[in-house]
1. If you check P149, P125, which single one turns out to be over 28 Å from H195 (Cβ atoms) and out of contact with any helix residue (DSSP H, G or I) (no Cβ under 9 Å at 6 or more places or on another chain)?
2. When segment 249-273 is examined, which residues are found to be among the aliphatic types (A, V, I, L, M) and either at pLDDT below 95 or closer than 29 Å to D70 by Cβ (or both)?
3. List pairs: first residue in segment 127-148 and at positive phi, second residue surrounded by 14 or more Cβ atoms within 10 Å (Cβ to Cβ) anywhere in the structure, Cβ distance under 8 angstrom, at least six positions apart or on different chains.
4. What about D32, is it in contact with a Leu (Cβ under 6 Å, 6 or more places away or on another chain), acidic (D, E) and either buried (at least 17 other Cβ atoms within 10 Å of the Cβ) or within 27 Å of V301 (Cβ to Cβ) (or both)?
5. Check segment 33-45 and report whether any residue there is in the same structural domain as N253 (by TED's automatic domain parsing), at pLDDT below 90, in contact with a Phe, Trp or Tyr (Cβ under 9 Å, 6 or more places away or on another chain) and under 21 Å from L241 (Cβ atoms).
6. Is it true that T101 is of a type in the set (S, T, Y), touching a residue at least 60 places away in the same chain (Cβ under 8 Å) and in contact with a strand residue (DSSP E or B) (Cβ under 8 Å, 6 or more places away or on another chain)?
7. Do any strands (runs of 3 or more DSSP E) entirely within segment 229-269 hold 1 or more residues that are closer than 30 Å to L209 by Cβ and touching a strand residue (DSSP E or B) at 6+ places or on another chain (Cβ under 7 Å), and if so, which?
8. Taking the conditions exactly as written (of a type in the set (G, A, S), without any contact (Cβ under 8 Å) to a residue 40 or more places away in the chain and surrounded by 15 or more Cβ atoms within 10 Å (Cβ to Cβ)), does A151 satisfy them or not?
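The values are calculated or read from the model by the stated rules, or taken from the named source; none is laboratory data. Predicted, not measured: the structure shown is a model, and the values here were computed from it. Don't worry about glycine lacking a Cβ; one is built from the backbone with ideal geometry, like all the others, and counts go over all protein chains shown.
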Amino acid sequence: MPDFEHIYDAVIVGGGPSGISCALECHESGLDVVVLERAERIGGQLSLIPGPVYNYAAGFFESGETLRNDLERVAHMFLTDRIKTGCNVLSMNLAQKEVVTDSGAFRGKTVFLATGYRLREFDLPIPNGFRDDVLYRSGIYRESLRGKPVAVVGSGDSAVFTALDLADFCSHVTVLARGKTFKARPDIVARMKSHNVIEAHTNSVVVRLLGQESLQSVIAVNQKGEFEIKCMKLIAKLGYLPNTELFADQLRNAGGHIAVDQNFSTSIKGVFAGGDIVQPGYDRIAFAAGSGMMAARSIRVFLGHTP
């Protein structure tokens with residue numbers, strides 16, 4: 001039986017921008033808070049952003065890693081040992097506000113869920129010899145792709161931005177969208193379609209990977225039949241999945257995303273959620289940080305404090 005001798009004002013699950021924002025606001029309000037983060041460092045997905053971050057009104061950051069370093073410095077300055085890294089959550093009982101991890105058991109008067117997302121993986125079986133040729137992040141590989149043909153699978157902003165980025169490095173970029181249109185912003189789709197290095201296909205699905213010791217081409221199929229695309233790397237930009245498996249069945253949710261109201265309250269009183277896992281939401285750093293701040297306000301109100 002887990003030992004819950006200490007009861008925190010708030011147990012925060014997730015150490016990305018949303019969780020840390022909530023924790024800092026709670027700490028400033030004098031609340032007894034703990035942050036549980038499964039990675040060895042806080043920051044969530046920030047370190048996976050290779051390019052500049054200029055749409056977050058807190059300054060200009062050379063990369064997501066630069067922003068993560070600043071976030072980490074401030075968080076550890078104020079939260080000190082209240083941040084538990086390398087802490088894997090094993091189970092949750094949200095009705096009881098209980099979280100069991102491999103580093104101990106935690107109970108709170110409230111819980112804030114900010115577990116973020118993970119990349120959606122390619123659903124086509126990948127032969128062992130090609131595993132290093134199917135990428136989900138391209139930024140760190142740009143130089144190694146210089147002068148080579150690549151294929152990008154996806155239709156959203158991430159896929160189109162990736163294609164535009166790689167067009168400055170690669171000999172040819174082919175973009176394959178499953179649907180009949182691209183879901184990305186019209187302005188960047190127009191840029192993609194006008195670029196002389198990029199070839200875009202809709203209604204197209206990759207069905208086979210070909211090559212000897214490494215990837216040499218892929219076979220895609222559309223309404224006209226099969227066609228072959230020469231590429232040395234296949235970059236999958238298929239969106240994200242929320243990390244909610246441990247608790248989604250305990251809360252009202254939509255497709256795995258947790259349903260929240262304008263106060264970031266969930267369907268269980270005293271349990272709040274923010275960042276990438278909530279619906280309605282928006283996949284931006286500013287939204288994640290703002291939702292954490294608003295949830296901290298809601299936590300104060302729930303505990304009987306002034307807003």
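1. The match here is P125.
2. Scanning segment 249-273 gives A254, I258, V260, A273.
3. Matching pairs, first to second residue: G147/F169; G147/C170; G147/S171.
4. For D32, the condition - in contact with a Leu (Cβ under 6 Å, 6 or more places away or on another chain), acidic (D, E) and either buried (at least 17 other Cβ atoms within 10 Å of the Cβ) or within 27 Å of V301 (Cβ to Cβ) (or both) - is not met.
5. Here is the first cut: in segment 33-45, the residues in the same structural domain as N253 (by TED's automatic domain parsing) are 33-45.
Right, trim to at pLDDT below 90 and you get 45.
Within this subset, residues satisfying the condition of being in contact with a Phe, Trp or Tyr (Cβ under 9 Å, 6 or more places away or on another chain) are 45.
Still in the list and also under 21 Å from L241 (Cβ atoms): 45.
There is at least one residue in segment 33-45 that is in the same structural domain as N253 (by TED's automatic domain parsing), at pLDDT below 90, in contact with a Phe, Trp or Tyr (Cβ under 9 Å, 6 or more places away or on another chain) and under 21 Å from L241 (Cβ atoms).
6. Judged against the criteria, T101 is a match.
7. Hits in segment 229-269: 233-236, 240-242.
8. Details: of a type in the set (G, A, S): yes; without any contact (Cβ under 8 Å) to a residue 40 or more places away in the chain: no; surrounded by 15 or more Cβ atoms within 10 Å (Cβ to Cβ): yes.
So A151 fails the test.
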